[in-house]
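Only one structure is covered here, and it is reproduced in the block below.
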Amino acid sequence: MKRKRTKLNNLRFFQNRDGIRRAARRALGMLRPPPNLLPSAWAEANVRIPQGNAIPGPYRIANAPYQREPMDMFAAPDCYRVTLKWGAQIGKTLTLLCVQGFAIAVRPRSQMMMQPSQGDVQVWLETKFNPLVESSPAIGQRIAKPRGREGVNNQKMKSYPGGFLMLAWAGSPKTMRGRSAPFIGCDEVDGYLRTPEGHPVGLLWQRAATFGRERFLFEISTPTLAGSSFIDESWEAGDKRRFHVRCPHCGALQYLKWEQVSWPGRLSTCVKDALADLDSPEHDPTAAVYVCEANGCAWTDGERAAAIRTAEGVGGGWIAEKPFKGHASYHAWEAYSLFRKLGDIVRDYLDKLRTDDLQTFVNVSLAETFEELGDKADAGALEARAEHYAAPVPMGGVYLTAGIDMQMDRLECEVVAWGVGEESWSVDYRVLWGDPLAGEVWQELDALLASTYRHESGQEMSIKAACLDTGGTSGYTQAAYEYLRGRTGRRLFGTKGYAPSFGEPIVAKVLRKQSGRKARKVDLFKVAADEAKLVVMRRLAVDKPGPGYCHVPADRPDLAEWCKQITAEKLVVRYVKGQPVREWHKHPKARNEALDCRALALAALKIMQPPLSRLAERMRADDAAPAAPAAPAPQVAEIPAMTPPEAAPETTRKARKASRKRGGWATGWRG
């Protein structure tokens with residue numbers, strides 16, 4: 001029996017029949033399973049690079065074959081993290097965009113995208129994400145329309161069937177609280193500033209822990225300074241993959257290195273001796289070639305590009321240095337770009353070298369961390385010059401100060417002897433274990449500060465002044481205030497370091513800090529931490545005894561560790577919005593308590609301002625003075641007979657008539 005057609009299933013009864021067909025087609029399309037493609041293959045079929053880029057149009061993996069594997073790791077079931085430590089002109093942002101598009105159109109899942117600042121989020125949206133979405137229908141059709149009813153599409157969130165893309169920036173912890181997603185993308189992570197809660201990447205990664213095996217982290221960045229680069233540490237934590245190619249002439253397998261780039265006029269062998277290239281009279285970047293590391297074969301730009309394109313088919317491609325344990329990390333620099341000539345890279349290098357901006361070339365072009373040749377003492381050289389003192393305080397030391405650094409489980413203190421020209425001798429270094437909140441450790445500190453040290457002249461010397469750092473959490477700061485209260489007369493001063501403080505007096509004016517409503521105020525001295533460390537570091541680098549020289553005792557227990565701590569920081573220059581900023585940097589795992597103690601001991605000396613030259617003269621005079629002669633032994637002699645002496649004539653003194661009249665003007669007048 002033939003079913004009777006109704007008005008509902010007959011399109012002739014609808015005025016917008018074409019719209020109904022399109023809506024039905026789109027609805028049925030949602031039921032179609034996604035294509036079984038890897039992210040790189042899907043990107044080549046569906047992603048179109050928008051106008052304004054170097055090569056707009058359909059995405060072609062042949063133009064950047066090194067992008068294939070990092071993309072496809074998103075679909076690998078045993079991979080949970082990808083790190084790209086890549087340089088400029090490599091396409092690291094495009095690689096992440098293709099993976100994000102795959103997570104929207106093929107395997108929908110919620111995402112979070114983080115940039116260093118809110119301004120960077122806006123720039124990324126307007127110049128990267130939105131143009132790619134508009135030029136790639138496979139992605140644009142999935143995302144909700146602006147001001148539409150089917151989802152959200154604004155500056156903070158993009159929704160699509162199966163998930164959403166939320167935007168955050170590292171400078172605002174509020175944008176990370178209460179939000180989680182299985183897929184996290186982080187762009188330019190070396191530009192993120194740490195928050196009181198931790199590093200932004202770690203915070204986002206922790207909030208994705210509830211997704212278990214579904215969570216995935218894709219982080220990209222150019223590196224910055226050695227010892228403080230997050231992307232470099234992430235790359236080291238992964239399996240450290242490099243893209244290997246075969247020599248077009250001898251077939252040797254190798255990865256590209258800056259050291260193998262050669263041109264007429266090059267005198268340097270690596271970045272560390274780059275200044276040698278300034279002495280070369282003539283450079284010819286147009287003649288730059290790549291030299292095979294195995295047999296010295298010279299490659300042209302065309303041969304280098306062909307070697308990169310064919311690398312994966314001839315046993316090359318990405319090769320890891322460490323076993324893969326779920327974290328794939330990749331390093332690539334500008335020479336891997338098929339659109340950059342070696343001559344242009346060399347020209348950029350020479351320009352940066354002449355303008356004293358080598359860091360930009362190392363970070364952006366070579367994708368390597370930069371180690372600034374700043375003010376830093378060498379721990380090994382300091383340990384090698386350690387000496388044996390003739391006494392706990394050598395002859396040159398005439399004034400003792402102490403610096404005390406407070407930690408959560410201990411106090412560390414250094415006693416320093418100062419001489420003429422602020423030449424210094426490290427006399428004692430103690431670690432007093434105990435919680436400052438408990439109180440017992442402060443009694444040990446009292447005993448230490450009350451102790452004396454024998455001078456080479458034989459005198460006993462006491463600590464004349466000490467500085468205690470009161471920084472830390474509120475509970476420990478309050479404990480320091482309680483200890484300092486009433487001890488100013490003992491020349492024990494509380495300090496508070498501040499930065500930036502280059503070029504300022506090491507000790508500023510005293511502040512009166514109220515540590516309670518009815519408690520007595522505590523005197524705090526502001527210490528210019530940057531300037532104090534600069535003075536200490538430069539004096540540690542002095543290699544001849546005399547003014548500023550720092551003497552080190554050879555018999556100190558664990559001398560090597562003390563030398564590492566006092567030289568743990570290095571003065572470097574980083575650029576903030578194009579402006580150079582000097583900062584002290586140390587490795588995150590390095591300890592610097594010895595450096596802090598020495599800076600505080602120097603601050604105590606600056607507070608007291610003792611006349612070191614006069615004290616030294618007095619010390620030398622006391623040491624050179626002859627010893628008092630011994631009393632002569634009594635001699636036994638015959639005692640003569642005692643006869644009364646003749647009476648001495650009596651001397652009389654005529655009384656002096658008083659010239660002052662008695663009484664005042666009222667009683668001394670005569671009638």
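The values are calculated or read from the model by the stated rules, or taken from the named source; none is laboratory data. Given the structure is predicted, the values throughout are model-derived calculations rather than measurements. For neighbour counting, all protein chains shown are included, and Cβ atoms are generated from backbone atoms with ideal geometry for every residue, glycine included. Surface areas here come from the heavy atoms of the whole protein model, side chains and all, with no ligands, DNA or RNA. Shrake-Rupley method; radii C 1.70, N 1.55, O 1.52, S 1.80 Å.
Any residue in region 536-563 that's over 20 Å from Gly396 (Cβ atoms): show its pairings with residues that are of a type in the set (Phe, Trp, Tyr) and modelled with pLDDT of 90 or more at Cβ separation under 7 Å, as long as the two are six or more apart or on different chains. The qualifying pairs are Trp562/Tyr429. The residues listed here are Ala62, Ala144; of these, the one that is in contact with a Lys or Arg (Cβ under 9 Å, 6 or more places away or on another chain) and part of a loop (DSSP other than H, G, I, E, B) is Ala144.
Quick grid of which residues meet (1) in contact with a helix residue (DSSP H, G or I) (Cβ under 6 Å, 6 or more places away or on another chain); (2) more than 30 Å from Arg620 (Cβ to Cβ); (3) buried (at least 17 other Cβ atoms within 10 Å of the Cβ); (4) at pLDDT 90 or above:
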position	(1), (2), (3), (4)
Leu445	no, yes, yes, yes
Leu449	no, no, yes, yes
Tyr453	no, no, yes, yes
Met461	no, no, yes, yes
Ala465	yes, no, yes, yes
Gly475	no, yes, no, no
Tyr481	no, yes, yes, no
Gly486	no, yes, no, no
Phe502	yes, yes, no, no
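If the condition is being within 21 Å of Thr360 (Cβ to Cβ), in contact with a Gly (Cβ under 9 Å, 6 or more places away or on another chain) and either open to solvent by 20 Å² or more (accessible area, probe 1.4 Å) or acidic (Asp, Glu) (or both), then region 193-232 contributes Leu193, Thr222, Thr224. In this structure, is Ala320 open to solvent by less than 10 Å² (accessible area, probe 1.4 Å), more than 18 Å from Val291 (Cα to Cα), of a type in the set (A, V, I, L, M) and in contact with a strand residue (DSSP E or B) (Cβ under 7 Å, 6 or more places away or on another chain)? No: the conditions fail for Ala320. Just so you know, in region 397-426 the residues that are out of contact with any strand residue (DSSP E or B) (no Cβ under 7 Å at 6 or more places or on another chain) and small (Gly, Ala, Ser) include one that is surrounded by the most Cβ atoms within 10 Å (Cβ to Cβ), and it is Gly419. Any idea how many residues of region 260-278 are under 18 Å from Cys297 (Cβ atoms) and either touching a Leu at 6+ places or on another chain (Cβ under 7 Å) or exposed (fewer than 12 other Cβ atoms within 10 Å of the Cβ) (or both)? Of the residues in region 260-278, 1 are under 18 Å from Cys297 (Cβ atoms) and either touching a Leu at 6+ places or on another chain (Cβ under 7 Å) or exposed (fewer than 12 other Cβ atoms within 10 Å of the Cβ) (or both). Could you tell me whether any residue of region 239-247 is farther than 30 Å from Gly326 by Cα and either touching a residue at least 60 places away in the same chain (Cβ under 8 Å) or open to solvent by 10 Å² or more (accessible area, probe 1.4 Å) (or both)? Checking region 239-247: at least one residue is farther than 30 Å from Gly326 by Cα and either touching a residue at least 60 places away in the same chain (Cβ under 8 Å) or open to solvent by 10 Å² or more (accessible area, probe 1.4 Å) (or both). Scanning region 426-484 for residues that are over 30 Å from Ala386 (Cβ atoms) and of a type in the set (A, V, I, L, M, F, W, C) yields a count of 6. Filter region 279-297 down to the residues that are surrounded by 14 or more Cβ atoms within 10 Å (Cβ to Cβ) and in contact with a Cys (Cβ under 8 Å, 6 or more places away or on another chain), then identify the one that is farthest from Thr369 (Cα to Cα). Here the residue is Cys297. Taking the numbered list (1) at pLDDT 95 or above; (2) surrounded by fewer than 16 Cβ atoms within 10 Å (Cβ to Cβ) in turn, Gly380 passes all entries but (1). Residue pairs whose Cβ atoms lie under 7 Å apart, separated by 6 or more positions or on different chains, with the first residue in region 331-352 and free of Cβ contacts under 8 Å to residues at least 12 places away in the same chain and the second in a helix (DSSP H, G or I), are Lys352/Leu358; Lys352/Thr360; Lys352/Phe361. Looking only at residues of region 464-506 that are part of a helix (DSSP H, G or I) and without any contact (Cβ under 8 Å) to a residue 24 or more places away in the chain, we find that the one that is nearest to Gly419 (Cα to Cα) is Gly489. Among the residues of region 74-98, the one identified as under 17 Å from Asn36 (Cβ atoms) and crowded, with 19+ Cβ neighbours inside 10 Å is Phe74.
In summary, Val189 fulfils each of the numbered conditions (1) within 26 Å of Ala590 (Cβ to Cβ); (2) surrounded by 18 or more Cβ atoms within 10 Å (Cβ to Cβ); (3) aliphatic (A, V, I, L, M); (4) at pLDDT 95 or above with the single exception of condition (4).
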